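Notes for the one structure printed next.
The values are calculated or read from the model by the stated rules, or taken from the named source; none is laboratory data. No experiment lies behind these values; they were computed from the predicted model shown. Here the Cβ is made from the backbone with ideal geometry for all residues, glycine too, and neighbour counts use every protein chain on show. Heads up: the accessible areas ignore ligands, DNA and RNA and are worked out on the full protein's heavy atoms, side chains in. Shrake-Rupley method; radii C 1.70, N 1.55, O 1.52, S 1.80 Å.
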Amino acid sequence: MSDQSTTRAPMPARKRGLGALLALAGERKTSLIWATVLSAMSSLLSLAPLLVIYLVLLHLAHPQQEKTLTELWSILGWGALAMGLRWLLQVSGGVLAHLAAFNILFDLRLAVADKLRRVPMGWITARNAESINKVLRDDVDRLELFIAHHLNDSAAALTLPVVSAIALFYLDWRMALVTLVTVPLAIVVQLLLWKKVPEVMREYNEVNAILASQVVQYVQGIAVIKTYRQGAASAASAVRLPQVVAAYFDVIVRMVKLTVPAWSAFTVVIGANMLCILPFGGYWYLQGSLSLELFVLCLLLGLGITRPLFQLAFFGSLMRLIQDGYGRVQDLMEAPELPDAANAANMQTPADNSVEFDGTSFAYGEITVLQDISFKIPAGSLTAIVGPSGAGKSTLAQLLVRFWDVQQGAVRIGGADVREIPLADMHSQVAYVMQDVFLFHDTVLENIRLGREDISEEQVVAAATAAQAHDFINCLPQGYQTVLGERGARLSGGEKQRLSIARALVKNSPVIVLDEATAFSDPVNEARLLQALGVLTRDKTVMVIAHRLSTIIDADQIVVLDTGRVIACGKHAQLLQDCTLYRHLWQLQSDSATWKIRSTPTDEHVKGAA
Ligand SMILES: Nc1ncnc2c1ncn2[C@@H]1O[C@H](COP(=O)(O)OP(=O)(O)OP(=O)(O)O)[C@@H](O)[C@H]1O
């Protein structure tokens, strides 16, 4: 749908970088700050063994007979205590960070799921389902890694070199300089060689998303592929897998070519400080201006500085991936929403269960599919919408349940504009039995009550019985507890349709929209389905979209749509007399009852069917 039909709530300026990630922590910021402080303190204590070595050497170099052994034991004791404390700090920091991460991401996942419920269907259908899935799965998972691990590890990795450098300057400024001389060099090398990496990483992310989507499409379309494409290569090419895998391979090769030399250069240059520490330290030792124990301590500090610096550089490169991923989560969270009138000043409550389309026009983007539609459905009556394929029947039904908002005119329930009825009220007011029934990978019971705990098992059974579904459910291996395959894979089209009628019965809304409810029916199924529909629609306001005109000849009103306009409105007999298109559709269906697969339809038939 076009975005013009929705009003975008004013968004605060989007935070970026580390600030945005920390803002995400919300109330759990304090836990995160504590987690990083504890990790930093724990990393400081990793210097304790170096201090122990230094003190032991000091005592061995200047022994004081009887005192030395006691002091050695005492140093060892302090060292062991420091290690114990380090373990405690590390565990506490880790636990705090993990708890904060899981809580933050739990809230975030719920917020994203809630957001998807509030955006117009058009926003979702304009995107590939797998790209939304990838945001929920990969990008959110990366945030988990960042909050639970990288943040703590970065704090620890930053603390160690900073404190080591301060200690080195304190101990011997000359040794500090020769130890740190390679750091700026390594940073310059890294910046130069890393320049093109972000671009390739972005490309990698894009190709990776396309690959994931193609694999999902391959699996979802496996029935079509099995039927039309035989042979592995041919089957894979049905969803352009070979091309996408080739693009993926190409981007991986380019990434390896860029990153491996950069990382290697960084590691080598950083580690090359030994080439300065040893000769200069040795010279000052021989010269007598540096003690052996200080020389050893500076050596150990110099060695210990390289690993955290390498880790910091690694986290720095990951930050871009994490930020890009979080950017996609933010895009999703900033998607325009269908405005909800709940608590708004203009909030309205339907006076009754009638429905009205009043001068309604609607376009998908630039393409207008409904123009100036006006008709009323009195409360408790049944209106059928008929017309050729593509006339706009389903779109009309979806405007009533606010999958989209109209661009002109209004849709009203009980005199209230649907845009001014709180979404929750509107959803309880209208039940929509769709053409394409979606069943969740869950039990039959949960598929009917859709997670509503207030609906008892007895109510579900009663609804399924009324929907003519009880018998086939009982024949399933675990009855109502049978887990249905993905999208209800083990049920026939007619059975799925009856389950969706049971859903609507349980919901018990006063307004019912039926979209092609009898589409999957053989004569036996159709009789059952019509019986189920009879129960569902009793005393309700019903809008039914029908291709089989035989099922709606008793409708209180039939609206004939053609290319997005109402061309006639009336009862069956009257329309047969007055409306050429209706008569034509009726004629086609009467003829089709006598068709055989091998008979050749006339041009007239084909034109009408199109
Ligand atoms: N999500 C969408 N985005 C863009 N165009 C759409 C979308 N859904 C439907 N259309 C287009 O809008 C027009 C009306 O479609 P709609 O499904 O409402 O017709 P219909 O009368 O219900 O058709 P059918 O009887 O074949 O189901 C068609 O041209 C269709 O291609």
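Brief remarks on what is shown
- Of the residues making up segment 373-391, those that are touching a strand residue (DSSP E or B) at 6+ places or on another chain (Cβ under 9 Å) and open to solvent by 10 Å² or more (accessible area, probe 1.4 Å) are Ser374, Phe375, Lys376, Pro378, Ala379, Gly380, Ser381, Leu382, Pro388, Gly390.
- Filter result (closer than 14 Å to Asp515 by Cα, open to solvent by 30 Å² or more (accessible area, probe 1.4 Å) and of a type in the set (Val, Ile, Thr)) within segment 538-583: Thr551
- Candidates Glu334, Glu293: the one that is more than 16 Å from the ligand (Cβ to nearest atom), under 35 Å from the mean Cα position of the chain (by Cα) and touching a residue at least 40 places away in the same chain (Cβ under 8 Å) is Glu334.
- Residue match in segment 465-473 (condition: within 23 Å of Ser361 (Cα to Cα) and in contact with a Lys or Arg (Cβ under 8 Å, 6 or more places away or on another chain)): no
- Yes/no for Leu399 being surrounded by 17 or more Cβ atoms within 10 Å (Cβ to Cβ), closer than 23 Å to Asp425 by Cα and in contact (Cβ under 8 Å) with a residue 12 or more places away in the chain: yes
- With respect to the stated conditions, Gln323 is surrounded by fewer than 20 Cβ atoms within 10 Å (Cβ to Cβ) and under 30 Å from His149 (Cα atoms).
- Single residue of segment 453-479 satisfying the filter (under 25 Å from Gln435 (Cβ atoms) and not aliphatic (A, V, I, L, M)) that is most open to solvent (accessible area, probe 1.4 Å): Asp471
- Odd one out for Arg490 among (1) under 24 Å from Val219 (Cα atoms); (2) in contact with a strand residue (DSSP E or B) (Cβ under 9 Å, 6 or more places away or on another chain): (2)
- Scanning segment 175-192 for residues that are more than 42 Å from the chain's Cα centre (by Cα) and either under 16 Å from Phe295 (Cβ atoms) or buried (at least 18 other Cβ atoms within 10 Å of the Cβ) (or both) gives Met175, Ala176, Leu177, Val178, Thr179, Leu180, Thr182.
- For Ile225, the conditions (1) crowded, with 17+ Cβ neighbours inside 10 Å; (2) within 23 Å of Gln243 (Cα to Cα); (3) in contact (Cβ under 8 Å) with a residue 40 or more places away in the chain all hold with the exception of (3).
- Odd one out for Lys507, checked against (1) over 27 Å from Ile552 (Cα atoms); (2) open to solvent by 70 Å² or more (accessible area, probe 1.4 Å); (3) at pLDDT 85 or above: (1)
- If you go through segment 362-372 and keep only what is more than 8 Å from the ligand (Cβ to nearest atom) and either more than 25 Å from Leu338 (Cα to Cα) or open to solvent by 20 Å² or more (accessible area, probe 1.4 Å) (or both), you end up with Glu366, Thr368, Gln371, Asp372.
- In segment 373-411, the qualifying residues are those that are within 9 Å of the ligand (Cβ to nearest atom) and of a type in the set (Ser, Thr, Tyr), and the one that is nearest to Asp340 (Cα to Cα) is Thr395.
- Test: residue in segment 197-206 that is open to solvent by 20 Å² or more (accessible area, probe 1.4 Å), more than 27 Å from the chain's Cα centre (by Cα) and under 30 Å from His98 (Cα atoms): no
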